[in-house]
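Chemist: Structure below; questions to follow.
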Amino acid sequence: MEKLKVLVVDDEPGIRSGVQRVLKNYTVGFPFMDEDFSFEVMDAETGESALNMITHHEIDIILLDNKLPGIQGIEVLEKINKMSLDIAVMMITSYASLEIAVKATTLGAYNFIPKPFTPDEVKSAIENISKHLFLMRMTRKMKEEGRQIRFRFLSVLSHELKSPLNAVEGYLEIMKEKQAGENITEYMSMIDRSLVRIKAMRGLIMDMLDLTRLESGKKSRKLQNVNLNYLARMAVDTVMPLAIQSNIEIITNLEDEVQLTADPDEMEIIFNNLLSNAVKYNRKNGEVQFEVKQKGNNLMIRVSDTGIGIDQEDLPKLFAEFSRIKTNETQNINGSGLGLSIVKKMVDLYRGTIDVSSQPRLGTTFKITLPII
């Protein structure tokens, strides 16, 4: 069993000892891991002592309070960021302002856990940050060791996620059919949360399978003359139920006869990813503009939304694998972090280009240009 070292930095002795008690016999496991994680907890009451411990110990996770005697938590986070340490940091504080939250996120903080918190909230936070840390480390390892490790990892991960999906979905169906009793209202919140997770996990599987086929070179491409108007309308129909939930209007500008020699599945994936992102990261009563047209010898695809937008410094991260921009607005939005990476790889297959422009709180626009061959 692998042991992760957790450093709790807080000037309240009760917080430090409380986290130690909660994590003493706690373990975390995921379907794609051979062994569970256990935790060794260390503590520091000041930022200065925390930095000293970081230089003498290999710390994996830091739970960092911002209000500390001496240097503040945000300053500790800034120093950790400058040192480029392989540490996942979660802020724990009851005094988080928007300014602090934005700065902490910019400096690499994974998330916030507000005080006071319960043991279950601590466990949930540790589970999420452990998973994040594992995936980030595995991603770096795959990049270092090459394509073959990436292929095996994604294949195993996709395979291992299928069984728990089936089990959880079957359990939810039992509750939904009231096989466990008539008082179904007691189960509804659990059903809703579980179904959301199932949907996210299923999306993760499909994204990983697409990426695996692309990376391994084993994806069988079926190039043919494709009517893009038809595929585009299918993509709109697919995302429409999600748009209706938030009263988002999808405005289309689709030329009747736009033909391209392409693989229909690949074009469908491009359309679906761009449209689903435009809806997921939009605001209620927002708008999505979807345009597909021929311009000279090129095909132009444009998807524009009126959503939460992206900071300029985060734009280069969008097409990296497992990359998700962490902000207060995105923390409750599910996603694999692979969709745009897959879109970029598919656009590259067609020798095309993809550009993105965005303004925070105003929206984001993706433009794809593909040569018509």
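Chemist: What number of residues within segment 283-303 are assigned to a strand (DSSP E or B) and buried (at least 19 other Cβ atoms within 10 Å of the Cβ)? Talk me through it step by step, then tell me what you get.
Modeler: Pass one, segment 283-303, residues assigned to a strand (DSSP E or B): 287-295, 298-303.
Remaining after also requiring buried (at least 19 other Cβ atoms within 10 Å of the Cβ): 288, 290, 292, 299, 301, 303.
Residues flagged as assigned to a strand (DSSP E or B) and buried (at least 19 other Cβ atoms within 10 Å of the Cβ) within segment 283-303 amount to 6.
Chemist: Additional query: Those residues that are farther than 19 Å from ILE372 by Cβ and in contact with a strand residue (DSSP E or B) (Cβ under 9 Å, 6 or more places away or on another chain), I need them from segment 238-273; list them, please.
Modeler: Listed by number, the residues that qualify are VAL239, MET240, ALA243, ILE248, GLU249, ILE250, ILE251, THR252.
Chemist: Can you name every residue in segment 241-278 that is small (Gly, Ala, Ser), touching a residue at least 60 places away in the same chain (Cβ under 8 Å) and not in a helix (DSSP H, G or I)?
Modeler: ALA262 - this is the single residue of segment 241-278 that is small (Gly, Ala, Ser), touching a residue at least 60 places away in the same chain (Cβ under 8 Å) and not in a helix (DSSP H, G or I).
Chemist: Oh, and also: Of all residues being surrounded by 11 or more Cβ atoms within 10 Å (Cβ to Cβ) and not in a helix (DSSP H, G or I) in segment 162-190, which is modelled with the lowest pLDDT? Just the residue, please.
Modeler: Across segment 162-190, the extreme among qualifying residues is ALA180.
Chemist: Name the helices (runs of 4 or more DSSP H) wholly within segment 38-131 that hold at least 2 residues that are under 26 Å from the mean Cα position of the chain (by Cα) and surrounded by 15 or more Cβ atoms within 10 Å (Cβ to Cβ)? If you could, list the steps in order and put the result at the bottom.
Modeler: Working: elements: 47-56, 73-82, 98-106.
Those helices (runs of 4 or more DSSP H) span 73-82, 98-106.
The values are calculated or read from the model by the stated rules, or taken from the named source; none is laboratory data. All values reported here derive from a predicted model rather than from experimental measurement. As a convention, Cβ positions derive from the backbone with ideal geometry for all residues, glycine included, and neighbour counts pool all protein chains shown.
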